[in-house]
Amino acid sequence: MTKSEPPSERPDQQRNETYVDHVGDPAIGSDVSLEWLRDLYLPKTNSDRTFLDDGTVVYQAQRTYPPVRQLSPGKRERILVTGGAGFVGSHLVDRLMWMGHEVIVLDNFFTGSKRNVQHWIGHPHFELVSHDVVDPFMIEVSQIYHLACPASPPHYQYNPTKTVKTSVMGTINMLGLAKRTKARFLLTSTSEVYGDPEEHPQKETYWGHVNPIGPRACYDEGKRIAETLTYSYMRQNDVDVRVARIFNTFGPRMSPADGRVVSNFIMQAIRGEPLTIYGNGDQTRSFQYIHDLVDGLILLMNKPYTEPVNLGNTEEYTIKEFAESIRDKVDAKVPIKLLPAAMDDPKKRKPDITRAKRYLNWQPRFSVRQGLQETIDWFKLQAAEGAI
Ligand SMILES: NC(=O)c1ccc[n+]([C@@H]2O[C@H](COP(=O)([O-])OP(=O)(O)OC[C@H]3O[C@@H](n4cnc5c(N)ncnc54)[C@H](O)[C@@H]3O)[C@@H](O)[C@H]2O)c1
């Protein structure tokens, strides 16, 4: 820790106070101002819907689309994003669209929403397909970002068998498509493949400590087999693959009902309810802001590195510190309530990002403080519009 980085107690007493106003990498054309991105989820102008006193809502058609970079047809990729209407997927779509590519989103809207990509519907570079990845899908594409999978415990435990099918059959279908079209394939795997880790921080070489029959197994083991499938297609069928192991990520467009720590605390604070912590609150987590993750995913897709790569923030805080910080930022006068610990909930989770630094020249740039502020603003906007 350097002198300019005093020890921090909470996410709002940050070590890194630098305000990030540009994201991306000019070398691959993903660089863009934060203002351009913010306009998509925190628009300065009026909302595209009006809530009337009689309980109805009027949606206005958009006349112009957000500007995108001009790319010659020879450089323009045709990119399939499965799960592109979800939280991570929609931000990835925004950036790929900005870069000037053609983007096809495939989603069954289980946890995602059309509203997350609404600003692109009708754009000549954009297509939205309602489809379940468990069923085969044929299309000509040059890159596949395979995200489709419920990602939060309440969602993936809602129908565990379907979660396993989505991970296994969905990944087989998308790898089959990559094989047929010779598309580059990127799997969004997860830090959950490390389970309740006995090694800290977790390196990509760590094989994990996963309970194969617990309530989280449908997701954890589903992603582990998705990784196995990915490398089987690489060895057996020469598919060009990338695997991102994503650690906790937060930001605007997170589902308010996803039961994840950040969205739970923000929703409870906005509603004036006690903030609930499972366990004693001493368990630590590290959270990365969504735009850092999107930078990492696009870099990984565009670099020639095929081994799994951790993408996450290394700044650790206890859950209790997060709760206090969010409570203060929302200015809610509510207590913190401790509940029994959830089964198989890891006590510690922190990525080792040496690989990402070395092979992608990537590391998180956003402070948790800056990310939290935007996320709280977005949740407040949703609440004000009556959307949550
Ligand atoms: N957000 C995180 O912190 C995090 C952490 C680790 C890994 N990931 C991974 O990133 C990816 C995206 O996560 P997210 O946070 O955006 O979750 P999300 O739930 O917001 O998005 C998932 C998307 O996939 C769609 N989907 C689910 N099942 C589908 C199916 N059978 N067919 C078609 N579409 C389907 C959903 O409707 C949704 O739009 C997931 O693969 C997840 O495992 C996310």
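Read-outs: derived from the displayed coordinates by stated rules, not from any lab. Model, not experiment: these values are computed from the prediction. Please note: Cβ atoms are built from the backbone with ideal geometry, for glycine as well, and neighbour counts cover all protein chains shown.
Defining a contact as two alpha carbons under 8 Å apart and six or more residues distant in sequence, what relative contact order in percent does the chain show?
On the way: 736 pairs, mean separation 66.1, N = 388.
Answer for the chain is 17 percent.
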(request) Quick one: dipole size for the chain, taken about the Cα centre, charges +1 on Lys/Arg Cβ and -1 on Asp/Glu Cβ, in debye to the nearest 20. (result) 540 debye
(message) I want to check the label-to-label distance for Asp135 and Met343. Put each point 7 Å from Cα in the C-beta direction and report it in nm to one decimal.
(response) 3.3 nm
(request) Quick one: work out Rg over Rh on the C-alpha atoms of the chain, Rh as Kirkwood radius. (result) 0.94
(message) What FRET efficiency comes out for Arg180 versus Ile28 if R0 is 25 angstrom and r is the Cβ-Cβ distance? Round to the nearest 0.05.
(response) 0.45
(message) Going through the cross-link list Lys75/Lys357; Lys44/Lys380; Lys203/Lys357, which pairs have a Cα-Cα distance over 19 Å in this structure?
(response) Lys75/Lys357
(message) If amide hydrogens are placed 1.01 Å from N in the peptide plane, which non-local residues have theirs closer than 5 Å to the one on Tyr305?
(response) none
(message) Residue by residue through the range 307-314, what is 3J(HN,Hα) from phi via Karplus (6.51 cos²θ - 1.76 cosθ + 1.60, θ = phi - 60°)? Round to whole Hz and write x for glycine and proline.
(response) 6, x, 10, 6, 10, x, 8, 9
(request) Amide H neighbours of Leu311 under 5 Å, at least 5 residues apart or on other chains, H built in the peptide plane: list them. (result) Arg245, Ile246, Phe247
(message) Testing the spin-label approximation: label points 7 Å from Cα along Cα→Cβ at Thr18 and Lys333. State their distance in nm.
(response) 4.0 nm
(request) For the chain, set up a Gaussian network in which alpha carbons nearer than 10 Å are linked by springs, and say which option among Ile213, Ile225, Ile326 fluctuates the most. (result) Ile213
(request) Could you point to the residue in Phe51, Ser30, Tyr41 farthest towards the positive end of the range 16-124's charge dipole, with +1 and -1 charges on the Cβ of Lys/Arg and Asp/Glu respectively? (result) Ser30
(message) For a quick check, take a GNM of the chain with Cα springs below 10 Å and name the residue from Pro153, Pro304, Pro67 with the largest mean-square fluctuation.
(response) Pro67
(request) Order by neighbour count: Lys333, Lys162, Lys347, fewest other Cβ atoms within 10 Å first, most last. (result) Lys333, Lys347, Lys162
(message) Output wanted: per-residue J couplings in Hz (rounded whole) for the range 230-243, from phi through Karplus 6.51 cos²θ - 1.76 cosθ + 1.60, θ = phi - 60°, x for Gly and Pro.
(response) 4, 6, 5, 5, 5, 6, 7, 10, 6, 6, 7, 10, 9, 10
(request) May I ask you to list the GluC sites (Glu not before Pro) in the range 171-254 that are in a DSSP loop and have at most 16 other Cβ atoms within 10 Å of their Cβ? (result) Glu198, Glu199
(request) Assuming R0 = 41 Å, can you tell me the calculated FRET efficiency for the pair Arg271 and Leu71, based on Cβ-Cβ distance, to the nearest 0.05? (result) 0.40
(request) Please find the FRET efficiency linking Thr354 to Ser47, where r is the Cβ-Cβ separation and R0 is fixed at 35 Å, and quote it to the nearest 0.05. (result) 0.20
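Could you list Trp36, Trp207 so that the one with the fewest beta carbons within 10 Å of its beta carbon is first and the one with the most is last? If you can, show how the numbers build up before the last one.
Numbers: Trp36 16, Trp207 10.
In increasing order of surrounding Cβ atoms, one gets Trp207, Trp36.
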(request) Using amide H atoms built 1.01 Å from N in the peptide plane, name the residues 5+ places from Arg49, or on other chains, whose amide H lies under 5 Å from its own. (result) Gln60
(request) List the relative contact order of the range 217-277 as a percent without decimals, with contacts defined as Cα pairs under 8 Å and 6+ residues apart. (result) 14 percent
(request) Once you have the Cα-Cα distance between His209 and Met169, take 0.36 nm times their residue separation minus that, and quote the gain in nm to one decimal. (result) 12.0 nm
(request) Using the Karplus curve 6.51 cos²θ - 1.76 cosθ + 1.60 with θ = phi - 60°, work out ³J(HN,Hα) for each residue of the range 204-221 in order, rounded to whole Hz, and write x for Gly and Pro. (result) 5, 7, 6, 8, x, 9, 10, 7, x, 10, x, x, 8, 4, 4, 7, 4, 6
